[in-house]
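Contents: one structure, followed by commentary.
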Amino acid sequence: MIIIDASAAVHNKAGLSRYGQELIAAAVADPAHRSEYGVFYHDATTAQPNAVIRSLPAITTDQAPKPWRLRALLAQLVNMSQDYLLAGSPEVVGAPAIFHATEHLLPRFKRSKTVFTLHDLIFKFFPQHHLPLNRAYLSLAFPLFLRRADVIICVSEQSKRDAQNVYRIPDEKLRVIYEGVDPRFQRVTDRLTLARVHEHYHLPERFILSVGTIEPRKNLKTVFEAFAEWRKSGEARQGPEDVRLVVVGRQGWLVEETMRAVQELGLTEQVLFTGFVADEDLPAVYSMAEAMVFPSVYEGFGLPPLEALACGTPVACSDASSLPEVMGDAGLLIPPTDVRAWMLGLGRLLMDADLRRDLSARGPRQAALFTWADAARKTRIVYEELLVKRKT
C-alpha cells in the first residue's frame, strides 16, 4: 500500500493543506489504483479529514504536532526505525510499500520506500521570516529528511535549484512536479452566488485582492505603501477613488509589522482583512476583484495567483523565485520590494481597461497548464519506479 501523509490536509495548514487534499483526491480518482492508497496523520483527536480522506484506510497517531515533530527528528538523528507506526493499524496489514511525506516532515522508516515533497526552503533564504525555534528545527531536520528520502518531489524548477544549490542533492533523486489548480476555480457569473459571498464577507463594491497567510514573506507592506502612494497621485483622482484593498487569509507569525503599517499609512478605512474565506467561496471572491496582487518575496510554487488566473482575474505578481514559472505571460511581473513599480502596476490595472481584458483572457489559458490530475499522474510514475526498486 502507498501511504500519503495527510496531516497538513486534516489540520488545515494553508498551502500545505491544499497540496495534500488535492493530490490525494486526484490520486484516488483513478479506480484502477484507488485500493492501493491509504493515509497517515498525527494529532488524530483534532483532525478534520474531508470526505475523500475519511474514505481511505488510515494510520493515525494521537501525538500532537510538536511531540510528533520532535520524535521524527530524534528518530532521524539516531537512525531509529519508526516502522511500528505504519504496522499498527488494522486497516493496513504489514509495512506499506511507500510513505509519501507531504508536509516537510519525514519519519524514519526502514521497511518502506519514501517520497518527500519539497515545497520551499524559505527558512534558508529568509531566516528572519521564521520564528527562531522553527528555524532551528528545520535547519537541523532538513538535511536528514532530504538525505534519507528515496525520491524528492520539487513543486517547481526553483525548488529543485534550491535543493541542489543548498544541499547538493543529486539530480537523479529530484523530480519536478508542478501543483495544479482545482477545476472549481473559474469565473463566477451567478448573481445569487456573488451576492451571497459579497454580503457574507462584507466586501466593498470595488477592490483589489490579496490572498494568502499573513506573514512577513508575503510582503504585504510593500503593496500597502504602493496603494497609499497611488491614492495620493493625480491618477487616483481621475480614477476609482472608492477602490479598496481586501486581504484574504489567516494571520500567521510575525504579523505585527504588517498590521502596524496599515495604521501608519492611514489605510485603516481602505484595507479590509476578511480572515479565513471558505474554499468554496474563493472563486466568487476572485471573480469580484478588479485585480489580484501577490508581492511575495519567495514562493515554492504560488497557488493563489494561479487560482486568480483561472478565474480570469488580472494579476500583478512578484517576479521572484518560482512565480514567473507559474505566471508565464499572463500577468504583470514586478520586483517584490520596488514600491514605485507596484504603485505604477496598481495604476495600470485600475486605469487600463484594455490591459485588464487582455490579462483576463490570458489567465485561464495559463492556468489550464497546471492540473492536479497531471500532478497525480506524474507522482504515480514516481511511486511505480520505487515499487520496482523495492522488488529488486
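Bear in mind that the values in this text are calculations on the coordinates, not laboratory data. The model shown is predicted, which means the values in this text are computed figures rather than measured ones. Note that we place each Cβ from the backbone using ideal geometry, even for glycine, and neighbour counts take in every protein chain shown.
Please name which of 304, 347, 267 has its Cα lying farthest along the dipole of segment 261-360 towards the positive end, using unit charges on Cβ (Lys, Arg +1; Asp, Glu -1) and the Cα centre as origin.
Of the listed residues, the answer is 347.
Run lengths n ≥ 4 of DSSP H only: what is the helix-derived mean residue ellipticity at 222 nm for the chain, with -39500 (n - 2.57) per run over all residues, to the nearest 500?
Here the helix-only value at 222 nm equals -13500 deg cm²/dmol.
Assign unit charges at the C-beta atoms only (+1 for Lys and Arg, -1 for Asp and Glu), then state the dipole size of segment 191-367 relative to its Cα centre in Debye, rounded to the nearest 20. Before the final figure, lay out each step's value.
Working: 18 positive and 25 negative charges, 37 e Å.
For this selection, approximately 180 debye.
For the chain: lysine pairs with Cα atoms under 15 Å, gap of 8 or more or different chains, count?
10
Listing 45, 60 from the residue with the fewest other Cβ atoms within 10 Å to the one with the most, what is the order? Before the final figure, lay out the partial values.
Values: 45 8, 60 21.
If I rank by nearby Cβ atoms, fewest first, I get 45, 60.
Mind sorting 262, 166 by how few other Cβ atoms lie within 10 Å of their own Cβ, fewest first? Numbers along the way, then the final one.
Details: 262 21, 166 14.
In increasing order of surrounding Cβ atoms, one gets 166, 262.
Identify, among 59, 48, 7, the residue whose Cα sits farthest towards the positive end of the charge dipole of the chain, taking +1 on the Cβ of Lys and Arg and -1 on the Cβ of Asp and Glu, with the dipole about the Cα centre.
My answer, from the dipole projection, is 59.
Could you tell me which residue out of 81, 35, 149 lies farthest along the dipole of the chain toward its positive end? Charges go on the beta carbon: Lys and Arg +1, Asp and Glu -1, centred on the Cα centre.
81
So, with +1 on the Cβ of K and R and -1 on the Cβ of D and E, and no other charges, what is the size of the charge dipole of the chain about its Cα centre, to the nearest 20 debye? Can you show the working numbers first?
Values: 46 positive and 46 negative charges, 255 e Å.
My answer is approximately 1220 debye.
Give me the dipole magnitude in Debye, nearest 20, for segment 95-235 about the Cα centre, with unit charges on the beta carbon: positive for Lys and Arg, negative for Asp and Glu. Mind dumping the intermediate values first?
Values: 23 positive and 16 negative charges, 120 e Å.
The dipole of segment 95-235 has a size of about 580 debye.
In what sequence do 286, 137 fall when counting other Cβ within 10 Å, fewest first? The partial results should precede the final answer.
Details: 286 26, 137 18.
Fewest to most other Cβ atoms nearby, the residues stand as 137, 286.
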